[in-house]
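*Asks:* Before we start, here is the structure in question, set down as structure tokens.
No lab work stands behind these numbers, since they all come straight from the coordinates. It should be emphasised that the depicted structure is a prediction, and the values quoted were computed from it without experimental measurement. Note that we place each Cβ from the backbone using ideal geometry, even for glycine, and neighbour counts take in every protein chain shown.
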């Protein structure tokens, strides 16, 4: 069956970062943006690096892993939220050290160094947006409901409204997620995304859909990239909800992370979105 999707963007295979925390980063961004911490955690080895805060695993053990993530990346403050597959975005500008757990949202923006933005994923797409000119960043969680709700467009808009970013200056990377070969969905998903619904379950490429939406929002095609890593195909490296349901992997969540390292030029203060 032909895979449904719209690609045509640069394909990137993230490289594992050195150190005890299993994390994979865009190799080009590490060189181009040394002031940036970006990547997606992985499943880890014998002791799974599960960062899920809602599940059977002890919360205390998960919090220890969160602390080790912040320490490995050099961030004392991390922002996370209860995700609801929508398009609400919160802005962050500082606060006390530790893990900030916000009310329901699926995206975060900041231009303040020292805050690590995070989203939880286990097949959905972690979307990284970077405005290098203004040193403003956004991190989005995008499942099919979030894509249909306009999460990508909301991220571009939020950066523009808060920091003056323009789409032509943005760099967008679509991190490890379930690929178009593995992600078979029903006709309701195609309808929600404005696509012609098939008569039976059919694969769809969410990263390809997001790439198309980024181009439509004005992001140059040569500044959009997508991971070659699939959470389902590369289940040994990542948690996958679908793999777990099929009995092919453990339950758990990794996180996408994005933050501006301290030591760079500070930007204007922003307030949280109400």
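*Asks:* Return the calculated 222 nm mean residue ellipticity for the chain, to the nearest 500 deg cm²/dmol, obtained by summing -39500 (n - 2.57) across DSSP H runs with n ≥ 4 and dividing by the residue count. Don't skip to the end; give the middle numbers.
*Replies:* Details: 7 runs with 62 residues, N = 274.
Value at 222 nm, helices only: -6500 deg cm²/dmol.
*Asks:* Another question about this same structure. Over the stretch 1-121, calculate the relative contact order: mean separation of alpha carbon pairs under 8 Å at least 6 apart, over the residue count, as a percent.
*Replies:* On the way: 171 pairs, mean separation 21.4, N = 121.
Answer for the stretch 1-121 is 18 percent.
*Asks:* How large are Rg and Dmax for the stretch 74-216 when calculated on the C-alpha trace, in angstrom?
*Replies:* For the stretch 74-216, the Cα-based Rg and Dmax read 15.5, 52 Å.
*Asks:* Sort 225, 68 by Cβ crowding within 10 Å, fewest neighbours at the top.
*Replies:* Values: 225 21, 68 14.
Final ranking by Cβ density, sparse to dense: 68, 225.
*Asks:* In addition: What is the antiparallel percent of DSSP beta bridges lying wholly in the stretch 26-260, to the nearest 5?
*Replies:* Working: 29 of 45 bridges.
Of the beta bridges lying entirely in the stretch 26-260, close to 65 percent run antiparallel.
*Asks:* What order do you get for 100-112, 237-249 when each peptide is scored by the mean count of other beta carbon atoms within 10 Å, highest first?
*Replies:* 100-112, 237-249
*Asks:* From largest to smallest, what semi-axes in whole angstrom does the stretch 141-243 give when each is the square root of 5 times an eigenvalue of its alpha carbon gyration tensor?
*Replies:* Numbers: eigenvalues 127, 60, 25 Å².
Ellipsoid semi-axes (Å, largest first): 25, 17, 11.
*Asks:* May I pose another question? Hey, what does the equivalent ellipsoid look like for the stretch 113-170, semi-axes from the Cα gyration tensor as sqrt of 5 times each eigenvalue, largest first, whole Å?
*Replies:* Numbers: eigenvalues 83, 40, 13 Å².
Semi-axis lengths for the stretch 113-170 are 20, 14, 8 Å.
*Asks:* Given an 8 Å cut-off on Cα distances and at least 6 residues of separation, report the relative contact order of the chain as a percent. List each step's numbers first, then the result.
*Replies:* Working: 670 pairs, mean separation 73.8, N = 274.
It rounds to 27 percent for the chain.
*Asks:* Next up: Got a sec? How would 177, 236 order by Cβ neighbour count within 10 Å, fewest to most? Please list the in-between numbers first.
*Replies:* On the way: 177 31, 236 9.
By the 10 Å Cβ count, ascending: 236, 177.
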